[in-house]
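A.B. asks: Below are the structure tokens for one structure; questions will follow.
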Amino acid sequence: MTGPRRTGWVRAGLALVALLAAGVAGAKPLGLVATLPPYAMLAEAVAGDGAEVHLLVRRGHDPHHYEPGSRDRARLESADLVVHNGLGSQHVEQVVRDAGVSRFAVADVVDFEPVRDDSGATNGHIWLDPTIMTAAADALAERLAELRPDSAADFRERAEAFRRAVEAADGDVRQRLDDLPVRQVVTYHPGFDYFFRHYDLEVAGTYLDLRGNEPGPRQVTELIRTLRESGIPALFGEPQLPADPIRALADEAGVAVAELDPLGFTESVATYPELLRLNARRIAEAYDG
């Protein structure tokens, strides 16, 4: 084939290649919504640059009292997938369930042993166990592959990279916490029970229960006695919760107050491994002086 006909075929082929390339380049990013910062970190790590991740509960807000604004509602309605906990009493969970959108519930896709309180209620703060988050990354990669089959290998590679980074942080945290002089902790809120269990630390008491109820006089007396008799040097609060009650309890018990960050609200924290290391450093500093 020669002459004008061949030239026409070449031009048509080049035009088709250009059209396909433009389609790939202009492909609409995956629209992901994450309820909490740790899940936004997870989604960003696994989905990569081909996704836009919108966070619902932003810095300084409490997921138990979250109310969506118009922007959040619009993002929920248009989302390809919502990454959320799937467990717990946070109001943000109810908002997601009521939205009627496609959901990726971490508690539904990962096998784990629940932490329960004295009433048998399940503690929902599962994202602070690194083994749960690495398993969630693998499951999320598979779910995203269903949405974008052409990117399946990339999602899986990024999930594996996330696993390696989390496992490295996990090793650093364990090494840092293994030599604590005291192996018991008392917290304001039961947000770190999975974290402490993973690192072989015993939760000797919490100020608030899972439902957010404050203790009565007898429970306060027991907490003060636990703090004094166990040699626990500090009581741990959280940035999204009121500081006055925990400071009063710490003053009465004669211990310091330290702050842990369960949600990644600290400005220097951009990734999940950084969140693990931050909390380990704060625990070690509070206990080692």
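The values are calculated or read from the model by the stated rules, or taken from the named source; none is laboratory data. None of these values were measured; they are calculated from a predicted model. All Cβ positions, even for glycine, are placed from backbone atoms using ideal geometry, and neighbour counts span all protein chains on display. Accessible surface areas use protein heavy atoms only, side chains included; no ligands, DNA or RNA. Shrake-Rupley method; radii C 1.70, N 1.55, O 1.52, S 1.80 Å.
A.B. asks: Counting alpha carbon pairs within less than 8 Å and at least 6 residues apart, what relative contact order, in whole percent, applies to the stretch 55-119?
C.D. replies: 32
A.B. asks: If you don't mind, there's one more thing I want to ask. Helix 244-253 versus the longest principal axis of the chain: what is the Cα-based angle in degrees, 0 to 90, to the nearest 10?
C.D. replies: Relative to the chain, helix 244-253 is tipped by roughly 40 degrees.
A.B. asks: Calculate how steeply helix 130-147 sits against the longest principal axis of the alpha-carbon atoms of the chain, using the helix alpha-carbon long axis, and give the answer as 0 to 90 degrees to the nearest 10.
C.D. replies: Result, in degrees: 20.
A.B. asks: Given charges of +1 on the Cβ of Lys and Arg and -1 on the Cβ of Asp and Glu, with all other atoms neutral, how large is the dipole of the chain about its Cα centre, in debye to the nearest 20?
C.D. replies: Roughly 1360 debye, rounded to the nearest 20.
A.B. asks: Using a simple charge model, +1 on the beta-carbon of Lys and Arg, -1 on the beta-carbon of Asp and Glu, nothing else, what dipole does the stretch 34-172 show about its Cα centre, in debye to the nearest 20?
C.D. replies: Approximately 400 debye in magnitude.
A.B. asks: Working from Cα positions, state the angle (0 to 90°, nearest 10) between the long axis of helix 152-177 and the longest principal axis of the chain.
C.D. replies: The two axes meet at around 20 degrees.
A.B. asks: Just reorder Ser119, Ser70 by solvent-accessible area, largest first, 1.4 Å probe, all chains present.
C.D. replies: Result, largest first: Ser70, Ser119.
A.B. asks: Which trypsin sites (Lys or Arg not before Pro) in the stretch 56-164 sit in a loop by DSSP (not H, G, I, E or B) and have at most 14 other Cβ atoms within 10 Å of their own Cβ?
C.D. replies: When the trypsin sites (Lys or Arg not before Pro) of the stretch 56-164 are filtered for loop state and at most 14 Cβ neighbours within 10 Å, Arg58, Arg59 remain.
A.B. asks: For Ala234, which sequence-distant residues (separation of 5 or more, or a different chain) have an amide H within less than 5 Å of its own amide H, given hydrogens modelled in the peptide plane?
C.D. replies: Result for Ala234 returns Ala256.
A.B. asks: Any idea how far the Cα center of the stretch 35-112 sits from the one of the stretch 170-198, in Å?
C.D. replies: The stretch 35-112 and the stretch 170-198 have Cα centres spaced 26 Å from each other.
A.B. asks: In addition: Heavy atoms only, 1.4 Å probe, whole protein assembly: order Tyr207, Tyr39 by accessible area, highest first.
C.D. replies: Greatest to least solvent exposure: Tyr207, Tyr39.
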